[in-house]
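Data first, discussion second: the structure below is written as structure tokens.
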Amino acid sequence: MYLTVKNVTKRYGTFTALDDVSISIEQGEFVCLLGPSGCGKTTLLRLIAGLTDIDEGQVLLEDEVLSDVPARNRGFGIVFQSYSLFPSMTVAENIGYGLKIRNVPAAQINARVAELLEIVKLPHLANKFPGQLSGGQQQRIALARAIAVDPRVLLLDEPLSALDAKVRSSLRDEIRQLQRTLQIPTLMVTHDQEEALALADKIICMNHGVVVQAGTPEDLYYRPATRFVADFMGVSNLIPTEMVRREMPALLSQRPDAPDAQFDACIRPEKIQINADPRGSATIRSAGFLGNLTRYKLDSVFGEMMVEVHGPQRLTEGQKVSLQISPSDCTWVVNDSYEVPQ
Amino acid sequence: MTAASTNATAKRGMRLDSDKVLAAACVAIPLIGLTLFFLYPMATVFLRSITTADGSYGFANYTEVLASKGFWRATQNSMAMGVATTIVSVFLGFIIAHGLHRCAFRGKWMIRGVIVLPLLAPSLVQALGLIFLLGRNGLVSRAIGTEVDIYGFWGLLIANTLYALPQAVMIIGASLVLLDARTYEAAEVMGAKPSRQFRDLTLPAIFFALLNSAFVVFIITITDFGNAAVIGGDYSVLATEIYTQVIGLRNFNMGAVVGIMLLLPTVISYVIERQSMKRQQGRHATNVQRFVPSFYAKRDIPMAAACFAVVAMILAVIGVVIYASFVKLWPYNQSLTFKHFDITLAGGYDSLWITIAISLGAAAGGTFLIFLMALGLRRLSGGISQMVQVLAAMPAAVPGIVLGLAYILTFNSTSTPLYLLYGTAALIGIINFYHYHTQAFLTVMTGFRQFPMALEEAATTLGAGLGRTAVNVIAPFVAPMLVAVFFFLFMRSMVTLSAVVFLTTAKLDVAAVTIMRLDDAGLTSQAAAFSTCVMAVVCLALGGMKLAIILMTWAPQTSKEG
């Protein structure tokens, strides 16, 4: 374990922003903190950075306890959603600022700044001021500024959220490539599941101040632990146990042994096969063309369902279809609202 | 950086964080200043007001003052003057602000330029100008051939109105700018006539601004000393009453009583004003669409006429002072000369140079102290920070004349080492700073509030301590605010009279007091000449400020070469 957060709790008055949270980041790993707004992910990032005090628990870097180390002595790098470049300094001065504080000789700073400007592909902007740059350019510079000091951990707080779609996806790829090359352990906060899936080695999904599930992107997508994760990580069909038992008992084979209300079946829309069948149990209600695939909404014995099929639309509205689902494609997720009887 | 990591490791463990110490010092130093030079003198003036002739404590002074006819007359006069000036100033201020922001006519730049002139001169310049226009030998009086008695209520009312008008226009104007054009477009589409829109949309929205401006004008009027001293004549008001008690009769305790009495209405007005401001702040809408008026003859021609009439009056009153300073023998020989600029009163221009030096000191020191305070407050916890902010905003509730009285009672007493400050230019600089502390503090705080927390956090994460962040990141960001505060303190220090009138000595005079003495000595033309010089200095400062701010907003948009 490189960076460890141990049993951290943070309260604001009566509101508990983080409740006994523990996470860890390996050397060179890219970790995403994913969750809806207000879930505590930004608070956790700020605690790690040292910008907010911890009520209970510890943050450790290898064996060093960080709790008493002020933010300025932690040697971390941070990038905010709002760019946050110093408006009175040029691009080059911004990038070199951390080195200047560390009393690095000017010639060395200049060389490092030039190198970083090459890395973020903006060498011609060295003497511009932040106000003269586009959002995407500013965020690239903010990234260069954060990595200029060879940070022990790179913290990214929704760095792509303020950018428009095209810039966002290109900068996303660049962040990924940069992190792979430099091997800086990185923690990124985001509410965008697509971003997390594309970037992370590990995703930590949070809700209401607790970690709901942590694992690889594949884990979280195909094997969500709870209804919340299943819902948050893309579209899924969630079906109560008794309905499955009545209509498709074969799917029960993988189900953990637990009360009916504790687990629901989760089936991703692309894992359902549909075929035109006049005696089928489901009816096509509507179809939406999404380019590479077609998304159907069905009225079925399980209620409304979502199914995705590669290629153009082949089935028409009102047509009867039969459903095929393999038991291995059915994941059983904990119903978050279920309370285990004492 | 491996250097950074070892550094951080070495500094592990419980210890006093240098940043926290620095932040505490940043607040402590200005706080000591506020205590010594504001709280302590105010406590002293209160104590003196309840110290009786035989040295014991009691309310004998109060009963004596309350029983005296002179005090009641002065109180009545002050209240009557305050109410009358408030009504006239708010009415005219509303006309001008409405004309500027919601009517379409040419020449608004002229109105904007002239309306601030009264702020650039000592308050007694209005009175001086009125005497040159309407006095016994005034231009107007001679032209129409009748003698107007300008000394007294009416003269003071006009002088006070001209002096208070800029504030009213600014406060009301600020609320008119915030009105969203889209709500008016919606009302228009729904079929509301302009008069209806005014009644249903404009009036409710600016109600608090009208109220606020009324309080501000009222306070300015009842606490102003300069106009009352020059044009008040026999019409005694509380501010002149204090002066008579202290300077004329050497009756310090009675002066203290009148000071405390004058403090009451201003504190009450101040509290109400702060409350109404808070309520108004809650109503601010974000991304307001600016209203661009189009020409509407029935509304705009009368409004333009009214605005220009008021502006012409201000211009005439101030212009005549400048003109008179060049006239050979007012009003008989109107040929022009520079001879009045040769000041014959003892000391000559000494007081002007000293005032400039004092003002520079007050501006530089004050701006620095307030920057420190605002910086420290960013790092302090809520409760303490709130208390400090309340204290920092308190001096605005104290009239200059009362603060001046408090200073003479405090610093003219040999019982503390603070006596060393008495009679020095430094003390005048200090009183000027604390007199205008609130406005300066609020301006800088506004700047700090706009400063994004993320910028500070970015600097911190990069390894910058508080001192470094302050110099490299925060100071450049709030620089326009600091420049504005520097020049504000400078200009106010140049023209203020009420706070410093008690602190000047035979050896140490300031510009505004010299003007008063010249006028008292019957050297009216020289008083005009001296006023002209002061106004010239202040105008230069204003120009300097505008230039500095333009340069600052320009600089970051052009790239550095090399």
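Scanning the range A:131-147 for residues that are hydrophobic (A, V, I, L, M, F, W, C) and under 23 Å from B:Trp554 (Cβ atoms) turns up A:Leu133, A:Ile141. For the range A:224-231, the criterion of being of a type in the set (Ser, Thr, Tyr), more than 25 Å from A:Leu3 (Cα to Cα) and assigned to a loop (DSSP other than H, G, I, E, B) is satisfied by no residue at all. Only one of the listed residues (A:Val211, A:Val244) is of a type in the set (Val, Ile, Thr), in a helix (DSSP H, G or I) and touching a residue at least 12 places away in the same chain (Cβ under 8 Å). That residue is A:Val244. Could you tell me whether the range A:25-37 includes any residue that is farther than 26 Å from A:Arg172 by Cα, of a type outside the set (Lys, Arg) and either in contact (Cβ under 8 Å) with a residue 24 or more places away in the chain or in the same structural domain as A:Ala196 (by TED's automatic domain parsing) (or both)? No; the residues of the range A:25-37 include none that is farther than 26 Å from A:Arg172 by Cα, of a type outside the set (Lys, Arg) and either in contact (Cβ under 8 Å) with a residue 24 or more places away in the chain or in the same structural domain as A:Ala196 (by TED's automatic domain parsing) (or both). Please determine, by comparing only the residues of the range A:116-148 that are charged (D, E, K, R) and within 12 Å of chain B (Cβ to nearest Cβ), which one is nearest to B:Thr461 (Cα to Cα). Only one residue tops the list, namely A:Arg145. When A:Leu51, A:Leu61 are screened for being assigned by TED's automatic domain parsing to the domain that holds A:Thr186, modelled with pLDDT under 95, farther than 17 Å from B:Ala454 by Cα and of a type outside the set (Ser, Thr, Tyr), only A:Leu61 passes.
Table: residues versus (1) surrounded by 15 or more Cβ atoms within 10 Å (Cβ to Cβ); (2) among the acidic types (Asp, Glu); (3) more than 14 Å from chain A (Cβ to nearest Cβ); (4) touching an Asp or Glu at 6+ places or on another chain (Cβ under 7 Å).
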{"position": "B:Phe490", "(1), (2), (3), (4)": "yes, no, yes, no"}
{"position": "B:Leu497", "(1), (2), (3), (4)": "yes, no, yes, no"}
{"position": "B:Met516", "(1), (2), (3), (4)": "yes, no, yes, no"}
{"position": "B:Asp519", "(1), (2), (3), (4)": "yes, yes, yes, no"}
{"position": "B:Ser531", "(1), (2), (3), (4)": "yes, no, yes, no"}
{"position": "B:Met535", "(1), (2), (3), (4)": "yes, no, yes, no"}
{"position": "B:Leu540", "(1), (2), (3), (4)": "no, no, yes, no"}
{"position": "B:Met545", "(1), (2), (3), (4)": "yes, no, yes, no"}
{"position": "B:Leu551", "(1), (2), (3), (4)": "no, no, no, no"}
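Residue count for the range A:157-196 under the criterion of being part of a loop (DSSP other than H, G, I, E, B) and more than 17 Å from A:Glu29 (Cβ to Cβ): the result is 9.
Let's see how each residue does on (1) part of a strand (DSSP E or B); (2) within 8 Å of chain B (Cβ to nearest Cβ); (3) crowded, with 18+ Cβ neighbours inside 10 Å:
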residue: A:Ser37; (1), (2), (3): no, no, no
residue: A:Val59; (1), (2), (3): yes, no, yes
residue: A:Gly75; (1), (2), (3): no, yes, yes
residue: A:Tyr83; (1), (2), (3): no, no, yes
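Within the range B:108-124, the residues that satisfy the criterion of being modelled with pLDDT of 90 or more and either β-branched (Val, Ile, Thr) or not in a helix (DSSP H, G or I) (or both) are B:Ile111, B:Val114, B:Ile115.
Set side by side, the residues B:Asp300, B:Asp350 differ, and just one is modelled with pLDDT of 85 or more and under 30 Å from the mean Cα position of the chain (by Cα), which is B:Asp350. The condition of being of a type in the set (Val, Ile, Thr), closer than 27 Å to B:Ala459 by Cβ, surrounded by fewer than 17 Cβ atoms within 10 Å (Cβ to Cβ) and under 19 Å from the mean Cα position of the chain (by Cα) holds for only one of A:Thr43, A:Thr4, that being A:Thr4. Does B:Thr240 qualify as being under 30 Å from B:Gly70 (Cα atoms), over 21 Å from the mean Cα position of the chain (by Cα), modelled with pLDDT of 85 or more and hydroxyl-bearing (Ser, Thr, Tyr)? Here the answer is no, as B:Thr240 does not meet what is asked.
None of A:Ser161, A:Ser170 is of a type in the set (Ser, Thr, Tyr) and within 14 Å of chain B (Cβ to nearest Cβ) except A:Ser161. The criterion of being of a type in the set (Lys, Arg), within 14 Å of chain B (Cβ to nearest Cβ) and within 30 Å of A:Asn103 (Cα to Cα) does not hold for A:Arg180.
Can you name every residue in the range B:447-478 that is facing chain A (nearest Cβ under 9 Å), among the small types (Gly, Ala, Ser), over 26 Å from the mean Cα position of the chain (by Cα) and in a helix (DSSP H, G or I)? B:Ala454, B:Ala458, B:Ala459 - these are the residues of the range B:447-478 that are facing chain A (nearest Cβ under 9 Å), among the small types (Gly, Ala, Ser), over 26 Å from the mean Cα position of the chain (by Cα) and in a helix (DSSP H, G or I). Within the bounds of the range B:358-379, is there any residue that is in a helix (DSSP H, G or I), touching a residue at least 24 places away in the same chain (Cβ under 8 Å) and within 14 Å of another protein chain (Cβ to nearest Cβ)? Yes; the residues of the range B:358-379 include at least one that is in a helix (DSSP H, G or I), touching a residue at least 24 places away in the same chain (Cβ under 8 Å) and within 14 Å of another protein chain (Cβ to nearest Cβ). Scanning the range A:222-235 for residues that are touching a residue at least 40 places away in the same chain (Cβ under 8 Å) and either under 19 Å from A:Leu298 (Cβ atoms) or not β-branched (Val, Ile, Thr) (or both) turns up A:Tyr222, A:Arg223, A:Pro224, A:Ala225, A:Arg227, A:Phe228, A:Ala230, A:Phe232, A:Met233, A:Gly234, A:Val235.
The values are calculated or read from the model by the stated rules, or taken from the named source; none is laboratory data. What you are looking at is a predicted structure, and each value in this text was computed from that prediction instead of being measured. So basically every Cβ, Gly included, is an ideal-geometry build from the backbone, and we count neighbours across all protein chains shown.
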